[in-house]
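The values are calculated or read from the model by the stated rules, or taken from the named source; none is laboratory data. The structure displayed is predicted, hence computed values, not measured ones. Every residue, glycine as well, gets a Cβ built from its backbone with ideal geometry; the counts of neighbours run over all protein chains shown. These area figures cover heavy atoms from the full protein model, side chains too; ligands, DNA and RNA do not enter into them. Shrake-Rupley method; radii C 1.70, N 1.55, O 1.52, S 1.80 Å.
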Amino acid sequence: MFSLAQPPLFTRLAPCRRILIAGAGGGFDVYAGLPLALALWEAGKQVHLANLSFVGVDRLPKRDMLRPGVAAVVPDTGGDSGYFPERSLSRWLDEQGLPATVFAFQMTGVRPLASAYRTLAKLLDLDAIVLVDGGTDILMRGDESGLGTPGEDMTSLAAVDVVDVGTKLVLSLGFGVDAYHGVCHAHVLENLAALDRDGGYLGALSIPRESREGRRYVDAVAHATAETTSGPSIVHGSVAAAVRGEFGDVALGKRTAGSELFVNPLMAMYFAVELDALARRNLYIDRLHQTYTMWDVVREIEAFRDAVDPIRPQRAYPH
């Protein structure tokens, strides 16, 4: 039973003690889980952070490798000096006196990634996994006018779908940012309504500007921006601006020069769903379970899209 007095997300996680929060889509997605991690640490939970990594995990120092395809990144892990989101987050966590290990998954297809998740689930004795997406494309089911950049998100969703852990959830943070990649956010809302009818929608909640979690998230994003000389995160720059209360065409640096942004309070809201319900509504997830590489995943998605009919037409959000 849920109550307005407690967000369903926290009701679902209340009995869980050992929780992995993992970035689904690579890059800086793990930062989308930081406000939740901070709240759960404060509540006395054992929280671990992980990310599907754009860094070549197999090229990291051997001392940091748990097994092929999984590394335990710490503040002094070697690697690219200009782009390493997992290490940037580890360094920020260490400066805050928080658990500083960030697990990094090699970019693979579903079968190797599921095996990597099973390794962490056993090692950490997990009773919950929360996938987090910076954006909304993880909520796409396959017949929308645009899917965003689904490869990494769907690989993570399909991998965790087959991992035996008691509680599995998905969080989306950054409503609106994927419009740049062709996502129709009327379709996002339509999908959430369908999940609600299926009993899989856990509601939405904002990250308040004056909350401890909001302030520290904004600080972590600023820290990552300073460390990432080759391309700081537009997604989290936008979300952090929304958390600060900014609105409209906010300047975020050279990467957004010439683009008109629409930063707004919806970007600072978590949308939470049951992972099992989201996976069941996806129209092509079964095609991905036997993939070994990301190229396999991309080919399967493209083959599905070539055959799907009808595709839901783009529609304007009417308000």
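Structure notes:
- Residue that is closer than 23 Å to D161 by Cβ and either charged (D, E, K, R) or touching an Asp or Glu at 6+ places or on another chain (Cβ under 7 Å) (or both), where the choices are S53, S88, S115: S53
- Any hit, the stretch 111-126, residues being in contact (Cβ under 8 Å) with a residue 24 or more places away in the chain, over 21 Å from S233 (Cβ atoms), touching a Phe, Trp or Tyr at 6+ places or on another chain (Cβ under 7 Å) and surrounded by 24 or more Cβ atoms within 10 Å (Cβ to Cβ): yes
- Matching residues in the stretch 248-306 - criterion: being among the polar types (S, T, N, Q) and surrounded by 13 or more Cβ atoms within 10 Å (Cβ to Cβ): T256, N264, N282, T291, T293
- Scanning the stretch 172-194 for residues that are open to solvent by less than 10 Å² (accessible area, probe 1.4 Å), assigned to a loop (DSSP other than H, G, I, E, B) and in contact with a strand residue (DSSP E or B) (Cβ under 9 Å, 6 or more places away or on another chain) yields a count of 1.
- Just one of the listed residues (G200, G166) is open to solvent by less than 30 Å² (accessible area, probe 1.4 Å) and at pLDDT 95 or above, and it is G200.
- Among residues of the stretch 123-155, those that are in contact with a strand residue (DSSP E or B) (Cβ under 8 Å, 6 or more places away or on another chain), closer than 14 Å to I301 by Cα and among the polar types (S, T, N, Q), counted: 1
- Residue in the stretch 206-220 that is closer than 22 Å to I138 by Cα and of a type in the set (G, A, S) present: yes
- One residue stands out among those in the stretch 196-234 that are among the hydrophobic types (A, V, I, L, M, F, W, C) and in contact with an Asp or Glu (Cβ under 8 Å, 6 or more places away or on another chain): the one that is farthest from L38 (Cα to Cα), which is L202.
- Segments classed as strands (runs of 3 or more DSSP E), wholly inside the stretch 53-108, with at least 1 members that are buried (at least 24 other Cβ atoms within 10 Å of the Cβ): 70-73, 102-105
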